[in-house]
1. Along the principal axes of its C-alpha atoms, what lengths does segment 27-75 span, in descending order and rounded to whole Å?
2. Assuming 0.36 nm per residue, please report the length gained on full extension of the stretch Asp105 to Glu45 beyond their Cα-Cα distance.
3. Mind ranking 68-77, 34-43 by how tightly packed they are, going by the mean number of other C-beta atoms within 10 angstrom, highest first?
4. For a label point 7 angstrom out from the Cα of Leu153 toward its Cβ, which stretches of segment 24-38 have the backbone nitrogen within less than 17 Å?
5. Projecting each Cα onto the charge dipole of the chain (Lys/Arg +1, Asp/Glu -1 at the beta carbon, about the Cα centre), which of Gly200, Ala149, Ala223 comes out farthest on the positive side?
6. Just want the ordering: Thr20, Thr227, from fewest to most Cβ atoms lying within 10 Å of their own Cβ.
7. Could you pull out the chymotrypsin sites (Phe, Trp or Tyr not before Pro) across segment 26-116 that fall in loop regions by DSSP (anything but H, G, I, E, B) with no more than 13 other Cβ atoms inside 10 Å?
8. If you average the sequence gap of Cα pairs under 8 Å that are 6 or more apart and divide by the length of the chain, what percent do you get for the contact order?
Amino acid sequence: MSKAAGADPGRPFLRVDVLTIFPGIFESPLRESLLGKAIAAGVLEVAVHDIREHSDDPHRKVDDYAFGGGPGMVMAPGPIVAAAEALGEGPRRVVLLSPAGRRLDQPMVRGLAVAGRLVLICGRYEGVDERVAEVLGAEEVSIGDYVLAGGELAALVVLEAVSRLVPGVLGNEASLAAESFEGEGLLDHPHYTRPREFRGLAVPDVLLSGNHAAIAEWRRRAAMEKTRRNRPDLLA
Ligand code: 5OB
């Protein structure tokens with residue numbers, strides 16, 4: 001099958017628009033490593049938009065007090081919805097990064113990677129006005145059960161996880177299938193490289209044996225053991 005199946009010829013496979021009040025956070029992650037290369041190669045296109053540019057307040061305010069009271073400010077719906085609407089129409093999935101969202105996992109990543117176009121909305125402060133998700137048809141996504149100051153780092157996690165599934169981004173599609181969460185539901189097996197002994201710790205002999213069946217069996221057992229120790233929930 002052609003790598004280009006389903007894609008517009010000459011267009012990137014994935015276009016992502018990020019809405020944030022801290023566009024600077026995205027600068028070096030989008031320049032370096034996998035994301036930087038994918039963008040340079042034209043298979044990924046990312047545009048970062050400052051929500052404050054869509055504030056109608058003279059001080060570019062984007063938050064306000066919570067109705068009902070309580071500590072902390074809430075991001076107002078107006079500037080975020082205006083920023084999203086300025087992107088124009090067209091099919092896309094809108095993701096609102098939020099600790100109250102559905103937790104990101106590899107099946108969700110696979111679904112987002114074939115969307116063609118994504119809008120990632122980064123909340124800050126104590127939350128985002130609930131009507132943003134309703135008006136924009138956004139899916140709320142959390143990257144895990146811990147507190148973050150804002151959605152920016154979560155958006156970068158989604159972006160990297162999704163981008164590496166876009167055809168032409170990785171370059172080495174074989175490494176895709178082998179890793180944790182992409183194979184048979186186990187964590188990845190341990191890896192070793194030179195030197196054969198490091199600080200008194202030897203590389204397991206079987207990995208130097210050249211016996212490929214024995215190596216495969218050792219890796220399967222080691223992956224199982226590591227999964228039982230670190231992520232028993234994956235075996236349950
Ligand atoms: N915590 N996922 C876990 C998150 C999160 C916090 C966020 C966004 C996504 O914004 C404050």
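What follows draws every value from the coordinates through simple rules; no lab data is involved. Please read these numbers as outputs of a predicted model, since none were measured by experiment. Please note: Cβ atoms are built from the backbone with ideal geometry, for glycine as well, and neighbour counts cover all protein chains shown.
1. So the extents along the principal axes, rounded to whole Å, are 48, 24, 16.
2. Working: separation 60, 0.36 × 60 = 21.60 nm, distance 2.27 nm.
Residue separation times 0.36 nm, minus the Cα-Cα distance, leaves 19.3 nm.
3. Working: 68-77: 13.2, 34-43: 16.5.
Packing order, densest peptide first, comes out as 34-43, 68-77.
4. It comes to 24-30, nothing else.
5. So the residue we want is Gly200.
6. Working: Thr20 25, Thr227 19.
So the ranking, lowest neighbour count to highest, is Thr227, Thr20.
7. Values: sites: Phe26, Tyr65, Phe67; in loops: Phe67.
Sparse-neighbourhood loop chymotrypsin sites (Phe, Trp or Tyr not before Pro): Phe67.
8. Numbers: 340 pairs, mean separation 45.9, N = 236.
Across the chain, relative contact order equals 19 percent.
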